[in-house]
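The values are calculated or read from the model by the stated rules, or taken from the named source; none is laboratory data. Owing to the predicted nature of the structure, the values given are computational and were not obtained by experimental measurement. For neighbour counting, all protein chains shown are included, and Cβ atoms are generated from backbone atoms with ideal geometry for every residue, glycine included.
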Ligand SMILES: [Zn+2]
């Protein structure tokens, strides 16, 4: 089965890259943790950091904390609407919350902006196309700095490769117990979720189906690169 990774195009200079994409920062989120090694991911959560907690240093500094502190921060968050039912797998160390601080490029004439590789910001026409083609695959966060454009938070992801699957997670930090296999860009059909767009569990690369790729091609979208990825039938 043929899939495509979508990503920012290769630019000649950093300056050209910034001029095309702008920049984004995620000031709020969970710190990393000193448990099962010191670690923290960079998943995005489509929830707004509660306004009352935006001065809380643990949510603005990325300094790793010990597991007890992490649990305390998680329980504080769970007192707020939206966070109440989130378990340790939904509130992973290093995870970033909304709103981001987005500086759009001075001239916006593309369809995809890549201010960060994990966070594409798309034009209203791409947002509408994706809304029709892959409802349920993403949540669109409006970017007030760039009217009607949205930040894509992709909600579906592949299963981990078989050697990284584990029913046992560390009860303190949420890290799966089997994490020794190397992270690589390998995908098998039994890992693929429903829908037309999803994240590769190991690397958070954004993958789309061949069907969605054709629709984006027909729409002539700008400022995007596609890499073909083969999903193998069997590991
Ligand atoms: Zn742990």
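Within the option set 130, 151, being closer than 24 Å to residue 60 by Cα, at pLDDT 90 or above, more than 16 Å from the ligand (Cβ to nearest atom) and crowded, with 16+ Cβ neighbours inside 10 Å holds for one residue only, 151. When residue 45 is tested against (1) crowded, with 19+ Cβ neighbours inside 10 Å; (2) away from the ligand (no atom under 16 Å from the Cβ); (3) part of a loop (DSSP other than H, G, I, E, B), exactly one condition is not met: (3).
Considering 82, 29, the condition of being farther than 30 Å from residue 230 by Cβ, in contact (Cβ under 8 Å) with a residue 24 or more places away in the chain and crowded, with 20+ Cβ neighbours inside 10 Å is satisfied by 29 alone.
For residue 171, the conditions (1) within 16 Å of the ligand (Cβ to nearest atom); (2) at pLDDT 85 or above; (3) touching a strand residue (DSSP E or B) at 6+ places or on another chain (Cβ under 8 Å) are fulfilled apart from (3). The requirement of being within 12 Å of the ligand (Cβ to nearest atom), crowded, with 18+ Cβ neighbours inside 10 Å and either under 22 Å from the mean Cα position of the chain (by Cα) or at pLDDT 95 or above (or both) is not satisfied by residue 77. Give the range 222-235 a look and list any residue that's at negative phi and in a loop (DSSP other than H, G, I, E, B), or say none. Answer for the range 222-235, where residues must be at negative phi and in a loop (DSSP other than H, G, I, E, B): 222, 224, 231, 233, 234, 235. Looking only at residues in the range 48-74 that are in a loop (DSSP other than H, G, I, E, B) and more than 14 Å from the ligand (Cβ to nearest atom), the one that is farthest from residue 149 (Cα to Cα) is 63.
Condition check: out of contact with any strand residue (DSSP E or B) (no Cβ under 7 Å at 6 or more places or on another chain) and closer than 27 Å to residue 11 by Cα. Does residue 125 satisfy that? Before you say what the answer is, go through the steps one by one.
On the way: out of contact with any strand residue (DSSP E or B) (no Cβ under 7 Å at 6 or more places or on another chain): yes; closer than 27 Å to residue 11 by Cα: yes.
The answer is yes for residue 125.
Is it the case that some residue within the range 14-25 is assigned to a loop (DSSP other than H, G, I, E, B) and surrounded by fewer than 17 Cβ atoms within 10 Å (Cβ to Cβ)? No, every residue in the range 14-25 fails to be assigned to a loop (DSSP other than H, G, I, E, B) and surrounded by fewer than 17 Cβ atoms within 10 Å (Cβ to Cβ). Within the range 196-221, being under 11 Å from residue 156 (Cα atoms) and assigned to a loop (DSSP other than H, G, I, E, B) holds for 196, 200, 201, 204.
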